[in-house]
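Trainee: Before anything else, here's the structure in question.
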Amino acid sequence: GKSYGVADALLLISCRKKCLILCGREFQNSIKDSVHSLIRQRIDALELSQFFEITHDEIRNIATGSRFIFKGVRHNVDSLKSMAGVTHVWIEEADTLSANSWRVMKPTIREEGSEIWATMNPKNKSDILYKEFIACEEAPQNAYIKKVNWQHNPHFQSVLAEEMQRDKSRDHGLYRHIWEGECLEHS
């Protein structure tokens, strides 16, 4: 549900104004590892196909000139420093983002009004984004942090409820991590 919501929001933003949206994850060996297919699916679900041109490695809004590009961060972190014009960054599976990638990315996204969005299921209390935004005494003033779990997912289906109950009865630590968004501990 988190990824659907972010994809939908970024698509709608791209329909309102010209944006350059970098969709990344720490490890992305090919476009198949990216959110490219999810964004393509959401374009169809939102009936926005007439506004978008979809190529193998980019998605363009033909009405506004917005572009979605897809990159792995770990092996491209230095090339991100020279990317100009990025207005939005979406880091999917952000719990895997390394401290080095975050240190490079944070000052690199510098367009006026630019934003970095991170979706993750926290894994370790030592992860860089967990420490900076969740376990911190005071989150940065310009940060919006929202815990989103299965209860908030409009796409949650009965088959998932059954799986959740099995996890809850078998391994409570794993249940809390997968379904309640807690760090993985004592599983």
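Trainee: Restricting to region 139-163, what's the tally of residues that are within 22 Å of Asn124 (Cβ to Cβ) and either modelled with pLDDT of 85 or more or not hydrophobic (A, V, I, L, M, F, W, C) (or both)?
Mentor: Looking only at that region, the number is 6.
Trainee: Kindly establish whether Ser49 is open to solvent by 20 Å² or more (accessible area, probe 1.4 Å) and among the polar types (S, T, N, Q). Talk me through it step by step, then tell me what you get.
Mentor: Values: open to solvent by 20 Å² or more (accessible area, probe 1.4 Å): yes; among the polar types (S, T, N, Q): yes.
Judged against the criteria, Ser49 is a match.
Trainee: Now a separate question. For region 106-158, how many residues are open to solvent by 70 Å² or more (accessible area, probe 1.4 Å), β-branched (Val, Ile, Thr) and assigned to a loop (DSSP other than H, G, I, E, B)?
Mentor: 1
Trainee: Exactly one of (1) of a type in the set (Gly, Ala, Ser); (2) part of a loop (DSSP other than H, G, I, E, B); (3) closer than 24 Å to Tyr4 by Cα is unmet by Ala161. Its number?
Mentor: Condition (2) is where Ala161 drops out.
Trainee: Turning to a different aspect of this structure: Would you tally the residues in region 162-184 being surrounded by fewer than 16 Cβ atoms within 10 Å (Cβ to Cβ) and in contact (Cβ under 8 Å) with a residue 24 or more places away in the chain?
Mentor: So the count comes out to 1.
Trainee: Of the numbered conditions (1) modelled with pLDDT of 90 or more; (2) part of a strand (DSSP E or B); (3) out of contact with any Lys or Arg (no Cβ under 8 Å at 6 or more places or on another chain); (4) open to solvent by 60 Å² or more (accessible area, probe 1.4 Å), Arg60 satisfies every one except a single condition; which is it?
Mentor: Against the list (1) modelled with pLDDT of 90 or more; (2) part of a strand (DSSP E or B); (3) out of contact with any Lys or Arg (no Cβ under 8 Å at 6 or more places or on another chain); (4) open to solvent by 60 Å² or more (accessible area, probe 1.4 Å), Arg60 comes up short only on (3).
Conditions tested, residue by residue: (1) open to solvent by 50 Å² or more (accessible area, probe 1.4 Å); (2) small (Gly, Ala, Ser); (3) assigned to a strand (DSSP E or B).
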{"site": "Tyr4", "(1), (2), (3)": "yes, no, no"}
{"site": "Leu10", "(1), (2), (3)": "no, no, no"}
{"site": "Ile13", "(1), (2), (3)": "no, no, no"}
{"site": "Phe27", "(1), (2), (3)": "yes, no, no"}
{"site": "Arg40", "(1), (2), (3)": "yes, no, no"}
{"site": "Ile69", "(1), (2), (3)": "no, no, yes"}
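Trainee: A follow-up question, please. If you check Leu160 against the conditions, is it among the hydrophobic types (A, V, I, L, M, F, W, C) and touching a Pro at 6+ places or on another chain (Cβ under 9 Å)?
Mentor: Values: among the hydrophobic types (A, V, I, L, M, F, W, C): yes; touching a Pro at 6+ places or on another chain (Cβ under 9 Å): no.
Judged against the criteria, Leu160 is not a match.
Trainee: Only one of (1) touching a residue at least 60 places away in the same chain (Cβ under 8 Å); (2) surrounded by fewer than 20 Cβ atoms within 10 Å (Cβ to Cβ); (3) aromatic (Phe, Trp, Tyr) fails for Trp90. Which number is that?
Mentor: The one condition Trp90 does not meet is (2).
The values are calculated or read from the model by the stated rules, or taken from the named source; none is laboratory data. As the structure is a computational prediction, the values presented were derived from the model and not from experiment. With ideal geometry, Cβ positions are generated from the backbone for all residues, glycine too; neighbour counts draw on all protein chains shown. For accessibility, only protein heavy atoms count, side chains too; no ligands or nucleic acids. Shrake-Rupley method; radii C 1.70, N 1.55, O 1.52, S 1.80 Å.
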